[in-house]
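Enquirer: Please read through the structure below; I'll follow up with questions.
The values are calculated or read from the model by the stated rules, or taken from the named source; none is laboratory data. This structure is a prediction, so every number in the text was calculated from the model and none was measured. Heads up, the Cβs are rebuilt from the backbone with ideal geometry, glycines too, and the neighbour counts pull from every protein chain shown. Accessible surface is based on the protein model in full, side chains and every heavy atom, while ligands, DNA and RNA are left aside. Shrake-Rupley method; radii C 1.70, N 1.55, O 1.52, S 1.80 Å.
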Amino acid sequence: MNYFYFPLEDWTNHFVNEWLLPVMSGFFNSISTVLRAFIEGVTNLLVVVPPEIIMILLVLLSWKIAGKGLALFTLIGCIFIGSVNLWEAAMQTVSIVLVSTFLSILIGVPLGILSATNKVIERMMRPILDFMQTLPSFVYLIPAILLFGLGGVPAVIATFVFATPPAVRMTNLGIRQVPSDVVEASRAFGSTSRQLLLKVQLPLALPTIMAGVNQTMMLALSMAVIASMIGAPGLGSTVLSGISRVNVGLGLTGGLAIVVLAIILDRITQGLAKKA
Amino acid sequence: MNKIEVTDLTKIFGSHPKQGLKSLKNGEQKADILKKTGMTVGVNQTSFSVQAGEIFVIMGLSGSGKSTLIRLVNRLIEPTDGEILIDGEDITKMDKNTLIETRRKKLAMVFQQFGLLPHRTVLTNVAYGLEIQGVDKAEREKKALKSIEDVGLKGYEASYPNQLSGGMQQRVGLARALANDSDILLMDEAFSALDPLIRKEMQDELLDLQNKLGKTILFITHDLDEALKLGDRIAIMKDGEIVQVGTAEEILENPANEYVSNFVKDVDRSKVLEASHVMKKPGVLLSYKDGPRMAVRKMEEAGVSSIFVVDKENNFKGLLTIDDAIKAYKENIPMEDVLLDTVHFASPTTPLNDLIGIAAETKYPIVVVEDGKLKGIISRVSILSGLVLGKEKDEVVSS
Ligand SMILES: Nc1ncnc2c1ncn2[C@@H]1O[C@H](COP(=O)(O)OP(=O)(O)OP(=O)(O)O)[C@@H](O)[C@H]1O
Ligand SMILES: [Mg+2]
């Protein structure tokens, strides 16, 4: 099949090494600095606050949003994570998930609004989102390392890119699903586009947007675990060292802790979506 | 003065509306344009005007362009060509802010599917129009409460739309339009989604409100009875064009073409209905021997300006106006000499159809007599409502 050699690999490397890195490194460095401070702030907060307090807050939150069942599960789950010595690792994972979910919402929801109100933007977004979602997740890790080195920052970047599509898609969908007669009525009474968005479209799209946030957070959790391959601290690296040392027990406890986190985060955000 | 004045308004849906417009102006038909270019002519070079305080009804079959037309009036749909003057200002030429301002202050709309905001209570739905104008909370809620009361929904302020019946939701829609205090109401099949009883109730209420508030109303319906009942004037649409405009009587009497006569065929019951079916007992009658002084008193009490006069045997004698009664009293003229006999007569078996034209022309009710005796009177309103109610009776019988 190789009638001729297509040097895509060489070109890409040339582009990255000769142009992207030298020219843009200042830019990437400043992003890196800001993001690192942000991640460390959140991680420190979660690690410094006594586990009992975080646990109690989480239990109360679960109770309020999803009821007694989840509250009980959260209680047992937190105690389990603490008793297998993984509390700190869990908090590191949670902070990567929180920071990248925050970024995904910050960027994804406005993009969703734009594509709901502008056909051209939607048509441009769709293939990009498809591409982002179908690419295997660890492919994101390579450019992230290249541009941001090792550790938490590239992990958050990769996670953010991986987890943003549902936020965009579901916001777009939610706004487009608002019944047209309601939109028409609001316009007929003289709403500006801004009033239409804030008073009608966003409130009515909120349940769908929250469902998107839930998906985003779940994707972020799965990516945060994979990102341990590029040195992100947390439960992912626990599992990774379980694998590399052939320590089945360590792998299992790490894996269970991830499952516990996933269930708690999922049910809480699902509850929020239902309440919205 | 004309509140709304529409001239040569055209809307073509499709990729090259300007080209379609050229074809239309060259006299091509809507169907040809659709076949040739795939574009739909929604409204075709239409002109009409609505006077202040008038209920102007637009009627037509499904797809004739009624909804498109009414949405062009407040520019929810952008016109392809033509002029729409609201209080003399052309809405088609307004910039965005002026358009928004005009919608807020002058044009309120009521929708067939209600278009209520499901996440808001009745109160905040009704206050929505004022809220987006920046009216402060206390004032807008006061106004909203007032119009909620006007439509008879007091006590439901805190309910959500999905907790209300269809009729109640449409009342909310109406209250929302009223709260804005605009002169013009645009109503697109506002009552079509309601069941017949509620519908009739809403029609009566609308007429009531109209009497009280004197709005200018552009009302869309595909129901002839509703049009006859509500419309001061009725426009009939076909394929995006208005084929006839006139009062109910004009249209029933002289349908402009076959389309219109097919439309009003429904009222063929007017041929079946007879004067006796719709006549009413006159509210007050004057006996021949009462004399002019008594006549003045009776008219005053009843709040009318003319009265029918009969003798002991109930034989019809004539009509006495208040001016003539006073004159007769002052100048001591015998009452017989001032009685008017220029009223229109009918016998109990006269077909209603024959009376439609007369009722529109005459100032006084038509007098139904049999063998010289007064049987009843028929007003313009009772003819029209007879046409409408006649059908309702049929429905009751057949079900
Ligand atoms: N957005 C649109 N795009 C293309 N064609 C349209 C659009 N809106 C309306 N039309 C067409 O314009 C014509 C008039 O439609 P319109 O909705 O005004 O009819 P209508 O008289 O209100 O009918 P109905 O009684 O069913 O409500 C129809 O042929 C319809 O298919
Ligand atoms: Mg319609």
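Enquirer: Counting just the residues of segment A:13-43 that are open to solvent by 90 Å² or more (accessible area, probe 1.4 Å) and without any contact (Cβ under 8 Å) to a residue 24 or more places away in the chain, which one comes out nearest to A:Ala144 (Cα to Cα)?
Expert: A:Asn29
To keep it simple, each residue is scored yes or no on (1) assigned to a loop (DSSP other than H, G, I, E, B); (2) among the small types (Gly, Ala, Ser).
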{"site": "A:Asn2", "(1), (2)": "yes, no"}
{"site": "A:Tyr5", "(1), (2)": "yes, no"}
{"site": "A:Trp11", "(1), (2)": "no, no"}
{"site": "A:Phe15", "(1), (2)": "no, no"}
{"site": "A:Glu18", "(1), (2)": "no, no"}
{"site": "A:Ser25", "(1), (2)": "no, yes"}
{"site": "A:Ser32", "(1), (2)": "no, yes"}
{"site": "A:Leu35", "(1), (2)": "no, no"}
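Enquirer: Could you look through segment B:56-72, keep only residues that are at pLDDT below 95 and among the aliphatic types (A, V, I, L, M), and pick out the one that is least open to solvent (accessible area, probe 1.4 Å)?
Expert: B:Met59
Enquirer: Going by the conditions given, is B:Met202 assigned to a helix (DSSP H, G or I), touching a Phe, Trp or Tyr at 6+ places or on another chain (Cβ under 6 Å) and open to solvent by less than 10 Å² (accessible area, probe 1.4 Å)?
Expert: Judged against the criteria, B:Met202 is a match.
Enquirer: Something else now. For segment B:142-198, how many residues meet the condition of being free of Cβ contacts under 8 Å to residues at least 60 places away in the same chain, basic (Lys, Arg) and buried (at least 17 other Cβ atoms within 10 Å of the Cβ)?
Expert: Qualifying residue count for the region: 2.
Enquirer: To continue, here is another question. Test each condition in (1) within 25 Å of the chain's Cα centre (by Cα); (2) open to solvent by less than 10 Å² (accessible area, probe 1.4 Å); (3) within 14 Å of chain A (Cβ to nearest Cβ) for B:Asn125 and report the one that comes out false.
Expert: (1)
Enquirer: For segment A:174-213: of the residues being within 19 Å of the chain's Cα centre (by Cα) and hydrophobic (A, V, I, L, M, F, W, C), which is nearest to the other protein chains (Cβ to nearest Cβ)?
Expert: Filtering first and then ranking leaves A:Leu206.
Enquirer: So B:Gly20 ticks every box in (1) crowded, with 20+ Cβ neighbours inside 10 Å; (2) touching a Lys or Arg at 6+ places or on another chain (Cβ under 6 Å); (3) assigned by TED's automatic domain parsing to the domain that holds B:Gly246 but one. Which box is left unticked?
Expert: So the condition that B:Gly20 fails would be (2).
Enquirer: Quick one: which helices (runs of 4 or more DSSP H) lie wholly within segment A:131-200 and hold at least 2 residues that are modelled with pLDDT of 90 or more?
Expert: Because the criterion is at least 2 residues that are modelled with pLDDT of 90 or more, the helices (runs of 4 or more DSSP H) in segment A:131-200 that meet it are A:152-176, A:180-188.
Enquirer: Right, something else. Sort out which residues of segment B:107-125 are over 17 Å from A:Asp181 (Cβ atoms) and either of a type in the set (Val, Ile, Thr) or within 16 Å of ligand 1 (Cβ to nearest atom) (or both), and write them in order of number.
Expert: Result: B:Thr121, B:Val122, B:Thr124.
Enquirer: Among strands (runs of 3 or more DSSP E) lying entirely in segment B:215-290, which contain 2 or more residues that are under 14 Å from B:Leu355 (Cα atoms)?
Expert: Answer list for segment B:215-290: none.
Every residue, every condition in (1) farther than 16 Å from B:Ser382 by Cα; (2) among the acidic types (Asp, Glu); (3) open to solvent by less than 40 Å² (accessible area, probe 1.4 Å), yes or no:
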residue	(1), (2), (3)
B:Leu319	yes, no, yes
B:Asp323	yes, yes, no
B:Lys327	yes, no, no
B:Leu339	yes, no, yes
B:Phe345	no, no, no
B:Pro348	no, no, yes
B:Pro351	no, no, no
B:Asp354	no, yes, no
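Enquirer: May I ask you to verify whether B:Lys30 is farther than 30 Å from B:Gln163 by Cβ, within 14 Å of chain A (Cβ to nearest Cβ) and at pLDDT below 95?
Expert: So B:Lys30 does not fit the description; no.
Enquirer: Please specify each residue of segment B:157-190 satisfying the condition of being within 16 Å of the chain's Cα centre (by Cα) and either within 12 Å of chain A (Cβ to nearest Cβ) or within 16 Å of A:Ala185 (Cα to Cα) (or both).
Expert: B:Leu174, B:Ile184, B:Leu185, B:Leu186, B:Met187, B:Asp188, B:Glu189, B:Ala190 - these are the residues of segment B:157-190 that are within 16 Å of the chain's Cα centre (by Cα) and either within 12 Å of chain A (Cβ to nearest Cβ) or within 16 Å of A:Ala185 (Cα to Cα) (or both).
Enquirer: A follow-up question, please. In segment B:21-55, which residues are in contact with a Phe, Trp or Tyr (Cβ under 9 Å, 6 or more places away or on another chain), away from ligand 2 (no atom under 16 Å from the Cβ) and not in a loop (DSSP other than H, G, I, E, B)?
Expert: Those that are in contact with a Phe, Trp or Tyr (Cβ under 9 Å, 6 or more places away or on another chain), away from ligand 2 (no atom under 16 Å from the Cβ) and not in a loop (DSSP other than H, G, I, E, B): B:Phe48, B:Ser49, B:Val50, B:Ile55.
Residue-wise test of (1) farther than 22 Å from B:Thr7 by Cβ; (2) modelled with pLDDT of 80 or more; (3) more than 16 Å from ligand 2 (Cβ to nearest atom).
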residue	(1), (2), (3)
B:Asp232	no, yes, yes
B:Val272	yes, no, yes
B:Lys280	yes, yes, yes
B:Tyr288	yes, no, yes
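Enquirer: Can I ask one more? Where residues in segment B:191-208 are under 23 Å from B:Phe48 (Cβ atoms) and away from ligand 1 (no atom under 16 Å from the Cβ), which of them is farthest from the other protein chains (Cβ to nearest Cβ)?
Expert: Ranking the candidates gives B:Leu207 first.
Enquirer: Determine which member of the set B:Thr40, B:Thr46 is buried (at least 16 other Cβ atoms within 10 Å of the Cβ) and more than 24 Å from the chain's Cα centre (by Cα).
Expert: When all the criteria are applied, what remains is B:Thr40.
Enquirer: Here is a list: A:Ile96, A:Ile113, A:Ile107. Which entry is part of a helix (DSSP H, G or I), over 30 Å from A:Arg176 (Cβ atoms) and not aromatic (Phe, Trp, Tyr)?
Expert: A:Ile96
Enquirer: Could you identify the single residue in B:Ile132, B:Ile100, B:Ile77 that is touching a helix residue (DSSP H, G or I) at 6+ places or on another chain (Cβ under 6 Å) and either more than 19 Å from A:Ser180 (Cβ to Cβ) or away from ligand 1 (no atom under 16 Å from the Cβ) (or both)?
Expert: Just a single option satisfies the conditions, and that option is B:Ile132.
Enquirer: Can you tell me which residues in segment A:46-62 are surrounded by fewer than 13 Cβ atoms within 10 Å (Cβ to Cβ) and either at pLDDT below 90 or closer than 18 Å to A:Glu88 by Cα (or both)?
Expert: Within segment A:46-62, A:Val48, A:Val49, A:Pro50, A:Glu52, A:Ile53, A:Leu57 meet the criteria.
Enquirer: Looking at B:Lys105, is it within 11 Å of chain A (Cβ to nearest Cβ), within 15 Å of B:Leu185 (Cα to Cα) and open to solvent by 20 Å² or more (accessible area, probe 1.4 Å)?
Expert: Answer is yes for this residue.
Enquirer: Taking the conditions exactly as written (within 16 Å of ligand 1 (Cβ to nearest atom) and open to solvent by 50 Å² or more (accessible area, probe 1.4 Å)), does B:Glu241 satisfy them or not?
Expert: Yes; evaluated as a whole, the condition is true for this residue.
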